[in-house]
Amino acid sequence: MFFVISGYCLTACAVNAIAANQSVGEFVRRRLRRIYPPYWFSILLAILLPYVLAACVSLKHQQWKSPLERGVTGLSLIDWLGYVTLLRVFLPREGFLHLRFSEINIVYWSLAIEVQFYSMVAIALAKRTQFFTILLLMTIMSIPCVWSGWLQNSGIFLPFWIQFAFGVGLYYSLYKGITPCYVFGRLATCVSLLSIGVISIIIVAAMFDCVAMSLLSPFSFAGLFALSLWLGHNLDAALDLQLSLDHRLRALLRIPFTVGAISYSLYLIHIPVYKFLANVWTRFAPVDSVVARFFIAIATIAISYLFYRLCELPFIHIKPLNSCASAVTDDGFRSPMCSSRTVEP
């Protein structure tokens, strides 16, 4: 999902940069400012949280024990430079890419791939009028890489580009007016609801069935997710109309909209924060119950919101949106698939 959404949002930002005659350097600067500072703060948080827990435990047992694992304390200056720049993804190591960031936070591997996507979009942006053509050629080149085991673990973006390309295709289709209403006419709402329901059943079934999960590759999952977003475009306008009429529904949906707004912060810190809260919970009660996991998850989201306000929001500027045609971000991004809600690339 991360790569699909990224493909959509980054393409939208690039298209608007072309329309605004924004330089490639300015585009890259905005993207790097958007991604790196919160990432650096998340590293700091992931390192500090074990110390906070150790301090609490030491007060009870009157004995200090270092909380950091050997993997973190054993990192060299070169290792830290690899973390700070995300170039650690290219470190030769057996196993999947997440193992290269396991000393601090395994989710960073996908962020390292994301930065490479930014570079490719910047190169395409430099050609302006051939922007989508270059992205299409990149997609065609990347198809054979999907089945390359060596490339999968090399740290190079190519095996994952197809997932990003689904997001690019989603934006392009809506940008050109190829919407569910255009394709299905009056049946668009019924077809969208039925199709999204079927896709949801397939994904949920795959989550609980190992055989189905093995058949539903990341490539297939990304395609289904992009298709569901395309189908959901028809429902978005109806939801906007309902929100304008029903204030109670608007208040109810504020929570998932907020979670969507803080999704990058949640992505960055959810693992270390959840582990920290689970360790605290175990001091008082078992953590293997559904109730415990639910409250820990809620607390993780709450802390992610604070992280968003303190460590992410200062580096971006979000403007309120008035209509679907005027969705604007710090990049001036006008999206064909948005509503009166706030959008963050």
Please determine whether any residue of the range 155-168 is assigned to a helix (DSSP H, G or I) and without any contact (Cβ under 8 Å) to a residue 40 or more places away in the chain. yes
Of all residues in the range 4-23, count the ones that are open to solvent by 10 Å² or more (accessible area, probe 1.4 Å) and not in a loop (DSSP other than H, G, I, E, B). 8
Out of all the residues in the range 253-284, which are over 21 Å from residue 46 (Cβ atoms) and among the aromatic types (Phe, Trp, Tyr)? 257, 284
Checking 226, 206 in turn, the sole residue that is open to solvent by less than 40 Å² (accessible area, probe 1.4 Å), under 30 Å from residue 20 (Cβ atoms) and either modelled with pLDDT under 80 or among the aliphatic types (A, V, I, L, M) (or both) turns out to be 226
Can you name the number of the only condition in (1) assigned to a loop (DSSP other than H, G, I, E, B); (2) in contact (Cβ under 8 Å) with a residue 24 or more places away in the chain; (3) of a type outside the set (Asp, Glu) that residue 92 fails? (2)
So which residues in the range 131-154 are in a loop (DSSP other than H, G, I, E, B) and surrounded by 17 or more Cβ atoms within 10 Å (Cβ to Cβ)? 153
Against the condition touching a Ser or Thr at 6+ places or on another chain (Cβ under 9 Å), modelled with pLDDT under 85 and open to solvent by less than 30 Å² (accessible area, probe 1.4 Å), how does residue 236 come out, does it pass? yes
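The values are calculated or read from the model by the stated rules, or taken from the named source; none is laboratory data. Keep in mind it's a predicted model, so treat the numbers as computed, not measured. Glycine gets a Cβ as well: all are built from the backbone with ideal geometry, and neighbour counts include every protein chain shown. The protein model used for the area step is the full one, side chains on, heavy atoms only, and it has no ligands, DNA or RNA in it. Shrake-Rupley method; radii C 1.70, N 1.55, O 1.52, S 1.80 Å.
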